[in-house]
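> I'd like to ask you about the structure that follows.
The values are calculated or read from the model by the stated rules, or taken from the named source; none is laboratory data. Worth saying up front: this structure is predicted, and the values here are computed from it rather than measured. When we count neighbours, we look across all protein chains shown, and the Cβ atoms used for this are built from the backbone with ideal geometry, even at glycine.
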Amino acid sequence: MSDFLGDITGDFIIPIVILVALLLAGAWSTWLERRILAWWQDRLGPNRVGPFGLLQVVADMIKIFTKEDWIPPFADKVLFVIAPMIVMIMMMLGFAIIPFAPGIQIAHFDNGLLFLLAISSLSVYSIMLAGFSSNSKYALLGAMRTAAQMLSYEVFMGLAIMGIVIVADSFSLSKIVEAQADMWFIIAQPLGFFLFLFAGIAESHRAPFDLPEAETEIVAGFHTEYASMKFGMFFIGEYLGVILISALITTLYFGGWQGPWLPPLLWFILKTSFFVLFFILLRAAIPRPRYDQLMAFGWYILLPLALLNLLVTAAWQLAPTL
Amino acid sequence: MPQEQPPQDSVENNHAEQLPELFALLSRDKYTVQKTADDTLTLWVTANTLLPTLSLLKSLRQPFAMLFDLFGVDERLRLDKNTLPCKDFTVVYQLLSVERNQHIRLKVALDKDDLHINSITDLWPNANWYERECWDLFGIVFDGHPTLRRILLPPTFKGHPLRKEFPCRATEKDPFTIDEQKLAKEQEALRFVPEDWGMATSSADNDYMFLNLGPNHPSVHGVFRVALQLDGERVVDSVPDIGYHHRGAEKIAERQTWHGFIPYTDRIDYLGGVMNNFPYVLALEQLAGIEVSDRVKCIRVMMSECFRILSHMLFFGTFAQDVGQLSPIFYLFVDREKLFGIIEAITGARMHPSWFRIGGVAQDLPKGWDKMMREFTDYFPKRLDEYEVMVMQNSILKKRSIGIGKYDTNQALDWGITGAGLRATGCDYDLRKKKPYSGYENYDFEVPLDDQGDAYARTRVRVEEMRQSIRIIRQCVDNMPQGPYKADHPSTTPPMNHQSKHDIETLIQHFLNVSWGTVMPKGETTFAVEATKGINSYTMISDGTGTSYRTRIRTPSFAHLQMIPPMAKGLMIADLITIIASIDFVMADVDR
Amino acid sequence: MISTSFLVYLIAVLLLTMTMLLVSHLLNPKTGKRVNKLPYESGIVPSGTTDIRWNVNYFLVAISFVIFDLEAVFLYIWSIVVMEAGWQGFIITSFFIFALLIGLFYEVRQGAFDWGKKQGGIE
């Protein structure tokens, strides 16, 4: 009986709870971003609906659900509808392999990191499809930028993580967390961390690498033609992406749920929130590089550094065997 | 002896010494000199001699390198027509020589049956838009112009509105309506057709994409369209399209009283506030011969410099924002709010005080103004230092703006660039120093220069200008003279009222002045000031009535926007945005 | 290994996204305005379509991605067996990475990531 209950908890309750928690976190991080940005910029931000404006999110949701569900007559309709679904599904699936705390993990894949890379590759599709299926010029420009930017940064995102794999000798995220019991990998892999950070910002196309949707240049980029909940999905997807990247940074480089005194889940949430805040403040602080500068930065500097990091890490690991 | 000769000849002789080449070219029967209130050499030349004269002036040793202004005048209803060698229409060319610090005005009279004149687009590239505007508003055809079509008015417009027979008021016409069909037709007329502008639709390897950047785009600062020919994201060519913000200010000026037009000037460069009143009232004071007190001069300078800071603040913030830096604009808005508070305390309004008057200002300064001003001048420079670190020393921003949209002094003069855009190329031309007005010669300030001429240099110069403006304001606060805030002159509007209870003459004059408006003496003048965005000048023609016969508003932004295509050629969309941001324009200023 | 919990999660995610779209579709007001029939192009009628032969620069990046990501996959495999492959593996991989860098250098020299003028103004 207790086994059965355990199975129910592990197989049904935990995934659903995580899903709901993620959805809420994604929605309320929009509120968080608006408040934090406002605070940073001498403004108030949304503070009217509910205490501290917390219910602003609910109001936004009501609004976004009741907006005209517009599918442009000139668009490729099937792809146009599927694209925002893909982004949300992929971002959600990415969380499946994150070890939130001991025992709180949806899928215990041995090759979790590879799964993650696959997910992140697939999420590029959503944005490209959104841009291409819109048949609108600004969306097309956004899609082209996305394709080039995200593909480029994907290459060394994988290479940067491989440093971790060499040190931890596993693709499994829970094993990687356990391997950090004595020392966080930020100390072993500082260069890898920065590479992953850059790639993470570019992959979640957040400022300053938000070129696919740079509003001062190409209006709204790939989601120019989107309205209603389909736009909302891109919106939530972007915030889920930020949380996912923050969760990954926590897991891979900052010991995941490990920490003294406090419960592991709380440690995980604290560390992840810290990086979410970092992403938000980054947006407030830094201007946007030009498109070719971003590409050059990736290919000329980050890619060779990622390869170098890999070699140095391997040599470091192998050194005792000499 | 100069005194014994008629005034016309003395003007001529005076200039003949400076411009011997010009008077060698023109034989005595080919030109007439006109005396104007601003003492600018004004020559009436024939249509045939125009081109040789202009090319001579442009090729002098100290050339008249800039086509400062070009506009038309419909002379048919002018009351003092017979005193001038004019026909039905006149085209006025005003040139500026930076080296000589001198203007020259050429006028060509045209008959209404033969409204043709040679285009000068080969001499000055910026003549292009000026000639289009002149054709648009007067129907004067410029032979040889590459693209003579509507510029300020929609392509479907009928008629030439600055002609005197064109109704000025909406009530003189049928009510304006627009139905679905008409709307669709108007929209269709705005479609960009690349072939009309001589653009190829594809190269050997790939097709070009034609993209409308604007009129409704986050970073075109108003309603402004740049039609882009794109190869990937590279701008092959571009066509700026203006006129969405046209209000017909010059036409309105022909219906309003002299005094009643002041609020309209505020809205020309809507970030410039009273800076727009400045050239207008100075031109009229020159025309009427009003001498204002030192206090008025000082108040005017102080308020104008406040608006220079306000305008530059907004520029600085939006520049950073367009490059992708989100925060500075908000900080600058907070600071703008502080300064607007002071403006409001002094004038009662914020962005558009319409506060200058012909012969003075609307009110005297309120009690405690100096304390507020001092607080701001102490507070803002420190903040500005912080913003400079935040924006100007940011390496990404530097990479985005250094070397982007670069031009040199000669190109700037060719395109009619003034203000910070000109000074960023190293050309030291600031009217506040070169032709001081309203007592600017009494202030101790520097003119910031840069020699790079790129987007970064233009921004840097403006940031430095804010500091200099603060310096000027401090001097105003420290040395504000005592005296009346309005001149004791019959044309002062509204007039000083202290005598009218005692003396019937003054009462009558006051009554007429207030009910009908003041009457300006016959004459012509141009007054230019160093406005927020460059040189803003008002050319006023009065034929001795209560309204202006012709008001020409020369705005800096109009000339600046014209330069976008050559500046952006071959760069990427993101660079185009940086260039647009660095120009600092306001569409109301362009379209008038 | 695909666990029940993952399947539950996957199905829940799919259901969630579909429900979201469906609810918004059911709640949406229908309006058929003329302006709805045109793609957004700064509020003005567009000229030309998006169906054009596009600049090759973007595709060069895509091709480079294919090349480098495929090579990277070999490195993924190596990184899990670094200890097992030992110094010999390290030397071979170094050579491989060196070859990759030469390839990158070649691409850079060929101008694969050259997007046109870096700076400029009026010639």
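> Being out of contact with any helix residue (DSSP H, G or I) (no Cβ under 8 Å at 6 or more places or on another chain), under 15 Å from B:Thr90 (Cα atoms) and not assigned by TED's automatic domain parsing to the domain that holds B:Leu70: is that true of B:Lys173 here?
Answer is no for this residue.
> Of the residues C:Arg53, C:Arg109, which is within 14 Å of chain B (Cβ to nearest Cβ) and over 19 Å from the mean Cα position of the chain (by Cα)?
Just one listed residue meets the conditions, C:Arg53.
> Right, another one. Looking at A:Phe115, A:Phe95, A:Phe80, A:Phe65, can you tell me which residue is hydrophobic (A, V, I, L, M, F, W, C), surrounded by 17 or more Cβ atoms within 10 Å (Cβ to Cβ), more than 26 Å from A:Glu203 (Cα to Cα) and within 13 Å of another protein chain (Cβ to nearest Cβ)?
A:Phe65
> Considering the stretch B:271-310 alone, what residues qualify as being of a type outside the set (Val, Ile, Thr), part of a loop (DSSP other than H, G, I, E, B) and on the phi < 0 side of the Ramachandran plot?
B:Leu271, B:Gly272, B:Glu291, B:Ser293
> Related question: Please go through the stretch B:382-402 and give me each residue that is closer than 14 Å to A:Gln293 by Cα and either surrounded by 18 or more Cβ atoms within 10 Å (Cβ to Cβ) or under 32 Å from the mean Cα position of the chain (by Cα) (or both), ordered by number.
If the condition is that a residue be closer than 14 Å to A:Gln293 by Cα and either surrounded by 18 or more Cβ atoms within 10 Å (Cβ to Cβ) or under 32 Å from the mean Cα position of the chain (by Cα) (or both), then B:Leu397, B:Lys398, B:Lys399, B:Arg400, B:Ser401, B:Ile402 are the ones that fit.
> Using beta carbons and a limit of 6 Å, which pairs, at least six apart or on different chains, have the first residue in the stretch B:300-315 and over 16 Å from B:Glu464 (Cα atoms) and the second one of a type in the set (Phe, Trp, Tyr)?
B:Ser304/B:Phe278
> If a residue has to be more than 20 Å from B:Ile329 (Cβ to Cβ) and either of a type in the set (Asp, Glu) or free of Cβ contacts under 8 Å to residues at least 24 places away in the same chain (or both) to count, how many in the stretch B:363-394 make the cut?
8
> Starting from the stretch A:308-319, take each residue that is more than 7 Å from chain C (Cβ to nearest Cβ) and list its partners that are small (Gly, Ala, Ser) and crowded, with 22+ Cβ neighbours inside 10 Å, counting only C-beta distances under 8 angstrom and pairs at least six apart or across chains.
Every condition considered, the pairs that remain are A:Asn309/A:Ala160; A:Asn309/A:Gly163; A:Asn309/A:Gly192; A:Thr313/A:Gly163; A:Thr313/A:Gly192.
> Let me ask something additional. Quick test for you: out of A:Leu266, A:Leu240, pick the one residue that is surrounded by fewer than 24 Cβ atoms within 10 Å (Cβ to Cβ) and either within 14 Å of chain C (Cβ to nearest Cβ) or out of contact with any strand residue (DSSP E or B) (no Cβ under 7 Å at 6 or more places or on another chain) (or both).
A:Leu266
> Now a separate question. Out of all the residues in the stretch B:559-592, which are more than 14 Å from chain A (Cβ to nearest Cβ) and farther than 19 Å from B:Asp408 by Cα?
B:Phe585, B:Val586, B:Met587, B:Ala588, B:Asp589, B:Val590, B:Asp591, B:Arg592
> Let me ask something additional. Which of (1) within 7 Å of another protein chain (Cβ to nearest Cβ); (2) of a type in the set (Lys, Arg); (3) assigned to a helix (DSSP H, G or I) is the odd one out, the single condition B:Arg191 does not satisfy?
It fails just one condition, (3).
> Criterion first (at pLDDT 80 or above, surrounded by 17 or more Cβ atoms within 10 Å (Cβ to Cβ) and away from chain B (no Cβ under 13 Å)) does C:Phe98 satisfy it?
no
> How about the stretch B:317-326: which of its residues are surrounded by 24 or more Cβ atoms within 10 Å (Cβ to Cβ), in a helix (DSSP H, G or I) and not small (Gly, Ala, Ser)?
Within the stretch B:317-326, B:Phe319, B:Asp322 qualify.
> While we're on this one: Inside the stretch C:31-52, can you point out the residues that are acidic (Asp, Glu) and modelled with pLDDT under 80?
Once the filter is applied, which keeps residues that are acidic (Asp, Glu) and modelled with pLDDT under 80, the stretch C:31-52 yields only C:Asp51.
> While we're looking at this one, here's another question. Being closer than 26 Å to B:Phe330 by Cβ and within 19 Å of the chain's Cα centre (by Cα) narrows it down to one residue among B:Ala420, B:Ala455; which is it?
The match here is B:Ala420.
> Among the helices (runs of 4 or more DSSP H) lying completely within the stretch B:409-473, list those that include at least 3 residues that are among the basic types (Lys, Arg).
So the answer is B:431-434.
> With the requirement that a residue be more than 7 Å from chain A (Cβ to nearest Cβ) and aliphatic (A, V, I, L, M), what does the stretch C:63-95 give you?
C:Ile63, C:Val66, C:Ile67, C:Leu70, C:Val73, C:Ile77, C:Val81, C:Ala85, C:Ile91, C:Ile92 - these are the residues of the stretch C:63-95 that are more than 7 Å from chain A (Cβ to nearest Cβ) and aliphatic (A, V, I, L, M).
> If you scan the stretch A:191-231, which residues turn out to be within 13 Å of chain C (Cβ to nearest Cβ), surrounded by fewer than 24 Cβ atoms within 10 Å (Cβ to Cβ) and within 19 Å of A:Ala25 (Cα to Cα)?
A:Phe231 - this is the single residue of the stretch A:191-231 that is within 13 Å of chain C (Cβ to nearest Cβ), surrounded by fewer than 24 Cβ atoms within 10 Å (Cβ to Cβ) and within 19 Å of A:Ala25 (Cα to Cα).
> With the condition being in contact with a strand residue (DSSP E or B) (Cβ under 9 Å, 6 or more places away or on another chain), among the aliphatic types (A, V, I, L, M) and more than 14 Å from every other protein chain (Cβ to nearest Cβ), I'd like the strands (runs of 3 or more DSSP E) fully within the stretch B:76-185 carrying at least 2 qualifying residues.
Qualifying strands (runs of 3 or more DSSP E): B:89-97, B:102-110.
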